[in-house]
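None of the figures in this text is laboratory data; all of them are computed from the coordinates on show. This one's a predicted model, so the numbers in the text were calculated from it and none came from an experiment. Heads up, the Cβs are rebuilt from the backbone with ideal geometry, glycines too, and the neighbour counts pull from every protein chain shown.
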Amino acid sequence: MRRTMFKPLSLFVGLRYTRAKRRNHFISFISLTSVLGLTLGVAVLITVLSVMNGFDHELRTRILGMVPQATINSYEPFTNWHRLADDIRQKHPDVVAVAPFNQLQGMLTANGQVSGAMISGIEPAEEVKVSIVQDHMTAGNLAMLKPGEFGIVLGAGLAENLGVVPGDKVTLVLPEASVSPAGVIPRFKRFTVVGVFKVGAEIDSAIAYVNIGDAARLLSIGDDKVQGVRLKLNDLFSAPELTWSLLQDLPAAFYATNWTQTQGNLFSAIKMEKAMMTLLLLLIVAVAAFNIVSSLVMVVTDKKADIAILRTLGASPNTIMKIFMVQGTIVGLVGTVSGTALGVLLALTISDIANFIEKVFHVNLFEAYFVNYLPSELQLGDVVMVVMVAFGMSFFATIYPARKAAKVQPAEALRYE
């Protein structure tokens with residue numbers, strides 16, 4: 001005697017309805033579009049979120065790798081920055097590295113061109129521990145910034161604007177005026193370009209580096225003094241709390257800044273843009289879920305006679321409701337799973353696809369952006385969120401048609417059969 005595995009009636013009939021070929025081709029078409037719509041919606045949502053994560057990661061890595069994540073500054077230049085650095089690292093293990101700096105603003109001129117710039121005086125051996133600039137050098141290196149030689153490393157944008165290459169001379173014009181027999185004149189200093197860096201952001205047109213001793217001389221603060229120290233943190237988002245904690249142990253002459261004050265608006269804008277994009281793309285998933293409602297309503301109308309027969313055989317309204325919920329849930333499950341698989345595949349290969357399109361059509365799609373390729377970073381949390389929301393919408397979309405099916409009266413349905 002052959003054994004048959006027990007299946008609840010609602011699950012058995014619901015699966016049969018899902019697999020059965022419908023006489024009404026229009027209903028079959030609507031069901032297919034529901035699955036395809038849900039598949040495309042989920043896939044697009046996962047892909048777009050991954051691309052936005054990639055841009056966010058590139059932006060955070062490049063910009064926050066160049067600008068200070070946190071700084072401890074002094075109103076009066078100070079000596080022996082190593083002692084301050086040691087105290088900071090001992091009391092706060094989250095601080096990965098510390099480097100001194102002096103900073104001044106001025107205008108760089110060469111070949112009749114003028115560009116404003118933020119000049120950072122650095123100790124090359126220490127700067128590489130807190131900055132990514134050495135990894136993005138296109139010519140020369142930071143080690144060529146030797147004290148007393150007045151060398152300068154320019155961003156690629158600055159070098160292009162001034163029309164200079166390594167070995168050329170640029171003149172730094174400081175806003176401080178000096179008195180001479182000829183009257184009040186600005187302060188000038190000639191520098192030799194020893195390197196160029198490029199990170200692909202606006203920083204390339206705004207920042208230049210000189211030796212910290214040369215910067216101290218220009219600031220007239222003494223060769224052995226610095227204005228502050230720059231910190232590299234293990235956790236970027238701990239910067240506000242960490243700098244506040246540091247100041248509690250320092251004299252009143254010190255003050256602190258962190259990246260949330262200088263770049264916070266940029267990252268807040270990216271976060272809001274990601275949230276809005278997620279909301280808009282979820283509407284696509286919602287439309288696909290609404291298609292499930294319309295297709296199930298049509299199925300209920302088409303199956304009224306079957307529903308009536310099941311009712312006369314003893315099926316309860318609750319059982320009828322479960323039958324159509326099973327059918328709609330399977331449609332939602334198939335669409336969600338296939339969309340997730342397609343979305344994950346696209347997220348992992350979108351960079352290669354974009355590169356292929358650029359090569360085939362000889363176009364540069366990302367020339368105007370700070371990265372010259374399409375970054376993508378697939379995150380498990382995003383995938384789980386999309387799957388849960390898509391499947392949840394699909395499930396709730398089955399409730400109304402299923403309740404409509406449960407209210408079918410056998411006598412009314414069989415009157416004209």
Quiz item: Measuring from label point to label point, each 7 Å out along Cα→Cβ, what is the VAL173 to LEU380 span in nm?
Solution: 5.8
Quiz item: For LEU280 and LEU36 in the same chain, what is the full-extension length gain: residue separation times 0.36 nm, less their Cα-Cα distance, in nm?
Solution: 86.0 nm
Self-check item: Principal axis box of the chain, alpha-carbon based, largest edge first, Å
Solution: 114, 53, 46
Practice problem: Using only Cα atoms, tell me the angle between helix 9-19 and the longest principal axis of the chain; keep it within 0 to 90° and round to the nearest 10. | Solution: 70
Self-check item: Protection proxy ranking of 287-296, 396-405 - average other beta-carbon atoms within 10 Å, highest first
Solution: 287-296, 396-405
Quiz item: ALA253 label point, 7 Å along Cα→Cβ, cut-off 18 Å on backbone N: hits in the stretch 39-82?
Solution: 72-82
Practice problem: Once you have the Cα-Cα distance between VAL114 and ASN355, take 0.36 nm times their residue separation minus that, and quote the gain in nm to one decimal. | Solution: 83.1 nm
Quiz item: Got a sec to turn the phi values of the stretch 199-210 into Karplus ³J(HN,Hα) couplings, 6.51 cos²θ - 1.76 cosθ + 1.60 with θ = phi - 60°, whole Hz, x for Gly and Pro?
Solution: 10, x, 10, 4, 4, 4, 9, 10, 10, 9, 10, 9
Self-check item: Rounded tilt (10° steps) of 25-66 against the dominant C-alpha axis of the chain
Solution: 10
Quiz item: Which angle from 0 to 90°, rounded to the nearest 10, does the C-alpha axis of helix 317-361 make with the longest principal axis of the chain?
Solution: 40
Exercise. Just order 192-200, 128-136, 351-359 by mean Cβ neighbour count inside 10 Å, highest at the front, would you?
Key: 192-200, 128-136, 351-359
Exercise. Apply 1/(1 + (r/R0)^6) to the Cβ-Cβ distance of THR61 and LYS91, taking R0 = 30 Å, and write down the FRET efficiency to the nearest 0.05.
Key: 0.65
Exercise. Straight distance only, please: which lysines reach the Cα of LYS303 with their own Cα at less than 29 Å, same-chain residues fewer than 8 apart left out?
Key: LYS7, LYS21, LYS322, LYS404, LYS407
Practice problem: Considering only DSSP beta bridges where both residues belong to the chain, give the percentage that are antiparallel (nearest 5). | Solution: 80
Quiz item: Using a Förster distance of 51 Å, how high is the FRET efficiency between ASN364 and ALA305, based on the Cβ-Cβ distance and rounded to 0.05?
Solution: 0.25
